[in-house]
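Okay, structure first, notes after.
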Amino acid sequence: METIQFAQSDIEIENCFEVMQVLRPHLLKENFVQQIREMEQEGYRLLYVAIEENKNNRVVAVAGYRNIHMLYCGKIIYIDDLCTLPACRGKGYAGRLLDYIHQLAKDTGKSGVHLDSGYQRNNAHRLYLSKGYVLACHHFSNMWNS
């Protein structure tokens with residue numbers, strides 16, 4: 001049986017690293033908990049799906065989001081990160097995380113849920129479209145190294 005939970009303790013956050021690194025391979029395990037804690041100060045929340053495996057819980061999917069307020073769309077939940085371990089894909093874990101976040105958005109009076117997704121993530125796009133998302137804009141970025 002799987003559960004959806006908020007990662008609150010350092011151990012819970014650390015247990016999410018394996019999944020998050022699939023999506024964000026540049027992350028380093030030794031910095032991960034500190035990065036999440038710093039992002040929490042900006043409103044970031046980390047959810048995860050754990051399944052029982054050999055009498056232990058294993059994190060198989062994660063979602064990181066923020067509550068934000070923007071002039072063009074009002075108060076929304078913005079999903080920064082959503083990923084499932086490759087061996088666990090196709091079992092509905094990411095869909096259940098999205099459903100959980102959608103309900104959370106409705107329960108807290110948000111006008112919707114937004115996310116960005118890389119062009120190459122076709123399987124993810126099928127999920128988003130099946131959950132009622134639309135391709136609403138292009139996201140532009142201008143990145144530089146310090």
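The values are calculated or read from the model by the stated rules, or taken from the named source; none is laboratory data. Since the model is a prediction, treat every value here as computed from it, not as a measurement. Every residue, glycine as well, gets a Cβ built from its backbone with ideal geometry; the counts of neighbours run over all protein chains shown.
Quick check on this structure: which one of Gly43, Gly109, Gly132 is closer than 15 Å to Phe6 by Cα and part of a loop (DSSP other than H, G, I, E, B)?
On the way: Gly109 fails: closer than 15 Å to Phe6 by Cα; Gly132 fails: closer than 15 Å to Phe6 by Cα.
From the options Gly43, Gly109, Gly132, the qualifying one is Gly43.
Within region 63-90, how many residues are touching a residue at least 12 places away in the same chain (Cβ under 8 Å) and either more than 16 Å from Val113 (Cα to Cα) or acidic (Asp, Glu) (or both)? Don't jump to the end; show me each part of the working.
Within region 63-90, the subset touching a residue at least 12 places away in the same chain (Cβ under 8 Å) is 63-68, 73-86, 88-89.
With the extra rule that they be either more than 16 Å from Val113 (Cα to Cα) or acidic (Asp, Glu) (or both), the set shrinks to 80-81, 83-86, 88-89.
Residues meeting the conditions: 8.
When you scan region 2-15, do you find a residue that is crowded, with 16+ Cβ neighbours inside 10 Å, of a type in the set (Asp, Glu) and in a helix (DSSP H, G or I), even just one?
Checked region 2-15: at least one residue is crowded, with 16+ Cβ neighbours inside 10 Å, of a type in the set (Asp, Glu) and in a helix (DSSP H, G or I).
May I ask you to list the residues in region 92-112 that are surrounded by 14 or more Cβ atoms within 10 Å (Cβ to Cβ) and either of a type in the set (Lys, Arg) or in contact with a Ser or Thr (Cβ under 7 Å, 6 or more places away or on another chain) (or both)?
Tyr93, Ala94, Arg96, Lys110 - these are the residues of region 92-112 that are surrounded by 14 or more Cβ atoms within 10 Å (Cβ to Cβ) and either of a type in the set (Lys, Arg) or in contact with a Ser or Thr (Cβ under 7 Å, 6 or more places away or on another chain) (or both).
Give the number of residues within region 56-106 that are β-branched (Val, Ile, Thr), within 17 Å of Tyr44 (Cα to Cα) and either assigned to a strand (DSSP E or B) or modelled with pLDDT under 95 (or both).
Residues of region 56-106 β-branched (Val, Ile, Thr): 59-60, 62, 68, 76-77, 79, 84, 101.
Then keep just the ones that are within 17 Å of Tyr44 (Cα to Cα); that gives 62, 68, 76-77, 79, 101.
Those still in the list that are either assigned to a strand (DSSP E or B) or modelled with pLDDT under 95 (or both) too: 62, 68, 76-77, 79.
Adding up the residues that qualify gives 5.
Filter region 113-129 down to residues that are in a loop (DSSP other than H, G, I, E, B) and under 15 Å from the mean Cα position of the chain (by Cα) and give me whichever is surrounded by the most Cβ atoms within 10 Å (Cβ to Cβ).
First pass over region 113-129, keeping only residues in a loop (DSSP other than H, G, I, E, B): 116-121.
Those left that are additionally under 15 Å from the mean Cα position of the chain (by Cα): 116-118, 121.
On the way: Asp116: 11, Ser117: 16, Gly118: 10, Arg121: 14.
By that ranking, first place goes to Ser117.
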